[in-house]
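Take a look at the structure set out below.
The values are calculated or read from the model by the stated rules, or taken from the named source; none is laboratory data. In this text, all values refer to a predicted model and were calculated from it rather than measured experimentally. Quick reminder, even Gly has a Cβ in these numbers, built from the backbone with ideal geometry, and neighbours come from all protein chains shown.
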Amino acid sequence: MTIRTQHAAVLVDAYATDPHRFRRPSPPPHLPKAAWINEPTEEENQEEPAA
């Protein structure tokens, strides 16, 4: 079971328990394609590896 599936199950349970707290059932948010602390610059991406 993926984290996204688990998150969806928790959201469904929360909505079922207290539907008045939510406007509508909400799906889990989409996951980002990449997550960076410090995203490499284009310059760093084009460097050749050290020999």
Pairs returned, first residue in segment 20-42 that is surrounded by 10 or more Cβ atoms within 10 Å (Cβ to Cβ), second residue that is of a type in the set (Gly, Ala, Ser), beta-carbon separation under 6 angstrom, 6 or more apart or interchain, are Pro28/Ala8
Just to be sure, is Ile3 under 12 Å from the mean Cα position of the chain (by Cα), surrounded by fewer than 10 Cβ atoms within 10 Å (Cβ to Cβ) and at pLDDT 85 or above? yes
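Has segment 38-46 got any residue that is at pLDDT 85 or above, in a loop (DSSP other than H, G, I, E, B) and not aliphatic (A, V, I, L, M)?
Step one: of segment 38-46, the residues at pLDDT 85 or above are 38-39.
Adding the requirement that they be in a loop (DSSP other than H, G, I, E, B) leaves 38-39.
The next check asks that each one be not aliphatic (A, V, I, L, M); those that pass are 38-39.
Yes.
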For segment 9-19, how many residues are closer than 16 Å to His30 by Cα and either among the hydroxyl-bearing types (Ser, Thr, Tyr) or within 12 Å of the chain's Cα centre (by Cα) (or both)? 0
